[in-house]
Amino acid sequence: MISSHEQAGASSRGARRAVIRGLGAALPAKVVTNDDLSRVHDTSDEWIQRRTGIRERRHAADGEQTSDLAILAARRALESAGAERAELVVLATTTPDKVCPATAPKVAAVLGLAGVPAFDVSAVCSGFLYALATAAWAIESGSIQSALVIGAETFTRLLDPVDRTTAVIFGDGAGAVHLESGSEAEPGAVLMTRLYADGTDEELIHVPQPDDGAQGSYFQMNGREVFTKAVEAMSASVDSVLGEIGWRRDEVDALIAHQANLRILTAVAHIAGLEAADAEIHLDRVGNTSAASIPLAMAAAAAAGRRRPGDRVVLTAFGGGTTWGAAALTWPELAVIDPH
Ligand code: COA
């Protein structure tokens, strides 16, 4: 377990925290409905909606790269924050433009931030939480005053074109937040993050190397086992964050979980005792966008006016690695651009 915030003095009012000042999102234009997929795969709109809650997702156009989506989401986050700069760029992605080098330096350069540290974080569907925690630690330490945290994916490029189980779930997109150093009393303060990983289960969600004797190098997932582990891991990490921060269940205004599957989200809210909180549901419009899913869900909540500054919000995610975690924050004051 990586503990971040006790050392920084979580209980002392006014302690230095990373504060979300801006939020942005970007989605490819191409909408792929369940009926579209039913023309290619042996599936149906009825099955997909009943088993996943997804109605449609976006697919990147030919030539549209993860960096294109990341840059657009980051620009919107900067605009929403009224900021021009950041001292760090952390990009969570499973689908970098190239295996080498990382995509973050290119994104930073296009944003006019050449020279600042920029790197990718690879934690699959937990990527945004990992990136957020990393940037928050850097701000809390006093090393930097601001950061851009981006989750961006062109995940559909990893999918086996004949695998109906993954085709129906995943989509492409990007979301970003702009962080600045501030106080824990401010709306938007990232109050606590908890991250976990266990490589024992790495083959639950993976892209085999071609030389592993595998037939191809497409994304593979053990859907049933992932389902069970995702529910257990996300509810346990929410439990742990709530216990450590001292929020009662009825004090939590919203649960913004990685948008994996509607049944997973419902089970996590139930087991974590957060059925009274608003569970943000965005996967019906975009599917599972891996590292982009939490900031995209946050942008959807903001665009719909569902949250008020200062609301108590819990984030949680589970992904390949396996990796998982949770975060507690207060909802920021921000202007946001509708991602749809
Ligand atoms: N359309 C129609 N039928 C499908 C199908 C599809 N797209 N995908 C699978 N099926 C079939 C299976 O072949 C199986 O048929 P069988 O009973 O004749 O063998 C049946 O549906 C049930 O399969 P199962 O795998 O048990 O379905 P499920 O209810 O577990 O749903 C997932 C499959 C993938 C939707 C579900 O396991 C899931 O969401 N898992 C988590 C995935 C996830 O969130 N991953 C990312 C986490 S970060």
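The values are calculated or read from the model by the stated rules, or taken from the named source; none is laboratory data. Bear in mind that the values here come from a model prediction, so they are computed numbers and not experimental data. Heads up, the Cβs are rebuilt from the backbone with ideal geometry, glycines too, and the neighbour counts pull from every protein chain shown. Note: areas computed on protein heavy atoms with side chains; ligands, DNA, RNA excluded. Shrake-Rupley method; radii C 1.70, N 1.55, O 1.52, S 1.80 Å.
Summary of values
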item	result
DSSP-defined antiparallel bridges as percent of all bridges, the chain, nearest 5	75
Dipole magnitude of the chain about its Cα centre (Cβ charges: Lys, Arg +1; Asp, Glu -1), debye to nearest 20	580
1.4 Å probe accessible area per residue over region 143-300, in Å²	38
Reference-scaled alpha-carbon Rg (2.2 N^0.38 Å with N residues) for the chain	0.92
Region 1-152 - charge dipole about Cα centre, Lys and Arg +1 at Cβ, Asp and Glu -1, debye rounded to 20	420
Charged-residue dipole, Cβ positions (Lys, Arg, Asp, Glu), region 167-322 about Cα centre, Debye nearest 20	460
At 0.692 mPa s and 37 °C, Stokes D of region 164-241 from Kirkwood alpha-carbon radius, µm² per second	201
Ranked packing of 297-307, 250-260, 53-63, most packed first, by mean Cβ within 10 Å	250-260, 297-307, 53-63
For peptides 21-29, 203-211, sequence by mean Cβ density within 10 Å, most packed first	21-29, 203-211
Label zone at residue 163, where the point sits 7 Å out along the Cα-to-Cβ direction: region 124-142 residues whose backbone N lies under 20 Å	124-127
Rounded accessible area per residue of region 25-67, 1.4 Å, Å²	52
Rel. contact order, % - alpha carbon contacts under 8 angstrom, at least six apart, region 245-340	32
Two-site FRET efficiency, residue 271 against residue 114, from Cβ-Cβ distance with R₀ of 41 Å, rounded to 0.05	0.35
Within the accessible area of the chain (1.4 Å probe), percent carbon and sulfur	48
Pair residue 33, residue 64: separation of 7 Å Cα→Cβ label points (nm)	1.8
Signed unit charges on C-beta, dipole axis of the chain, positive-most listed residue 139, 289, 33	139
Charge dipole (region 131-220, unit charges on Cβ, about Cα centre) - positive-most of 191, 181, 158	181
Positive dipole terminus of region 187-323, leading residue within 227, 217, 299 (C-beta point charges)	299
Eligible lysines near residue 30 by straight Cα distance, threshold 27 Å, same-chain separation 8 or greater	98, 106
